[in-house]
Amino acid sequence: MPDHRQIYLDDVILRVNMLLDDGLTASFDEVHGAIQAGRIIEWLDEKGADMSILLADSMSDEKALVVEALKLASTVRKGQERRKLGVEHNGLCLVIALALEAKAISPPVTSPYLPDAGVQ
């Protein structure tokens, strides 16, 4: 199965942005706690984000990839949010920053529809 975690991390970013647009906030502790407990997707759904794609039973592998990528980013950046990510007030902004961090440290997307650019 191709690794599409970056596509699903983009979806997390989009859904969290919608929550921010609605004026929602969260603490850093809430976000780090939900990520480390492996419940960030459920937590975002409870906050009002439509996470139905990643919550579908058929998407458990993809959800696990996203959660693990966010766990790694959360672990690496906890306590450095302001200095390394430029976020200090809203945990939902932290989710976006961590998802972007996770994308940066995740392997590239593989797709049979993308031509091999031959970049070395």
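Taken together, the values in this text are just the output of simple stated rules run on the coordinates, not laboratory data. Being a predicted model, the structure only gives us computed values, none of them experimental. All Cβ positions, glycine included, derive from the backbone under ideal geometry; neighbour counts span all protein chains shown.
Assorted remarks:
- Extent of region 44-100 along its three principal axes (Cα atoms, max minus min coordinate, largest first): 38, 23, 14 Å.
- Calculated mean residue ellipticity at 222 nm for the chain: -18500 deg cm²/dmol, from DSSP H runs with n ≥ 4 weighted as -39500 (n - 2.57), summed, divided by the residue count and rounded to 500.
- In this rough spin-label picture, where each label sits 7 Å from Cα along the Cβ direction, the Glu68-Arg82 distance is 3.4 nm.
- With Cα atoms defining each centre, region 62-78 and region 35-60 are spaced 13 Å apart in the structure.
- Computed from the C-beta positions of Asp61 and Arg39 and an R0 of 25 Å, the FRET efficiency is 0.90 to the nearest 0.05.
- Reciprocal mean inverse distance between Cα atoms of the chain - Kirkwood radius, Å: 14.7
- Contour excess over end-to-end distance, with Cα ends at Asp50 and Asp22 and 0.36 nm allotted per residue: 8.8 nm
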